[in-house]
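Written below as structure tokens is the structure these notes are about.
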């Protein structure tokens, strides 16, 4: 099995900290070299301590589900002989209380709009392709995965 890596980095700089008035802006670095600005959601931490232009963890969660679904859909459609010209998903995640009363992403709705070239699958075939993509999506299968935390203190 493969390992996937992301480095999340935040630094305080000369900001105060004890009063909770510090920027939540940070960097998300991926093993392929992409660097994405990250922040807390302005829904969780008010401006100016959040950066609405950066990707927050909730958005990244929704995007990872949508992206995984799309990649599987494209592969399955290709194998079935369909030609996809365009795929757009306006995915939405809803934050709410889970069964334990804790805040959680309680629902993610994918809304893929697909444009095919030439022959177009009927509604049943299109739904079957999306169902199969959902069944294959690693991220959808991981939503209830174990999360481990192995902390360390630097310079101690």
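A short reminder: the numbers here are calculations on the coordinates, not readings from a lab. The shown structure was predicted, so the numbers you read here are calculated from the model rather than taken from an experiment. Counting neighbours? That spans all protein chains shown, and the Cβs are built from the backbone with ideal geometry, glycine included.
The simple Förster model, with R0 at 30 Å and r as the Cβ-Cβ distance, assigns residue 100 and residue 71 a FRET efficiency of 0.40. The label point for residue 35 and the one for residue 153, both projected 7 Å from the Cα toward the Cβ, are 3.0 nm apart. Per residue, the average separation of C-alpha pairs within less than 8 Å and at least 6 apart gives the chain a relative contact order of 16 percent. Compared with the alpha-carbon gap, the fully stretched path from residue 144 to residue 83 is longer by 18.6 nm at 0.36 nm per residue. What is the Cα centroid distance between the stretch 9-57 and the stretch 126-156, reported in whole angstrom? Answer, in whole Å: 23.
Residues of the stretch 113-154 falling in the label zone of residue 1, defined by backbone nitrogen less than 20 Å from a point 7 Å along Cα to beta-carbon, are 134-151. Comparing 68, 78, 137 in a Gaussian network model of the chain where C-alpha atoms under 10 Å apart are linked, the largest mean-square fluctuation is found at 78.
For the chain, the spread of Cα coordinates along the three principal axes comes to 61, 32, 31 Å, biggest extent given first. For residue 116 and residue 55, a Förster radius of 30 Å and the Cβ-Cβ distance give a FRET efficiency of 0.50, rounded to the nearest 0.05.
Model label sites at residue 92 and residue 43, defined 7 Å from Cα along the beta-carbon direction, differ in position by 1.1 nm. Eigen-decomposition of the gyration tensor built on the alpha-carbon atoms of the stretch 1-55 gives equivalent ellipsoid semi-axes of 25, 13, 9 angstrom, largest listed first.
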